[in-house]
Amino acid sequence: MGHIGTSLSRDPLRGKGGRSLQYAQGWLMVHYLHSVARLQQGIPQYLQEINRADIDDEKAFGKAFGMSYNRF
């Protein structure tokens with residue numbers, strides 16, 4: 001979520017204002033992924049990948065969904 005959401009650990013410049021949108025943006029992301037059949041198929045792979053310490057979350061997203069965070 002760091003590049004599309006408001007992860008304060010990744011972008012401390014966003015401050016308190018970013019925190020108020022974090023839940024909403026996360027909900028929208030999950031809702032959209034579940035609403036599009038071809039994206040829905042990548043969810044299990046993405047979740048497995050991001051739970052590994054040695055995997056970059058943006059690379060895992062690209063591998064699972066075939067697009068970058070920016071494109072998403």
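The values are calculated or read from the model by the stated rules, or taken from the named source; none is laboratory data. The shown structure was predicted, so the numbers you read here are calculated from the model rather than taken from an experiment. All Cβ positions, even for glycine, are placed from backbone atoms using ideal geometry, and neighbour counts span all protein chains on display. Ligands, DNA and RNA are stripped out before the accessible areas are found, and what is left, the full protein with its side chains, is counted by its heavy atoms. Shrake-Rupley method; radii C 1.70, N 1.55, O 1.52, S 1.80 Å.
A few notes on this one:
- Residue count for the range 58-72, restricted to those that are surrounded by fewer than 19 Cβ atoms within 10 Å (Cβ to Cβ) and in contact (Cβ under 8 Å) with a residue 24 or more places away in the chain: 5
- Count of residues meeting criterion [open to solvent by less than 50 Å² (accessible area, probe 1.4 Å) and more than 13 Å from the chain's Cα centre (by Cα)] in the range 18-53: 2
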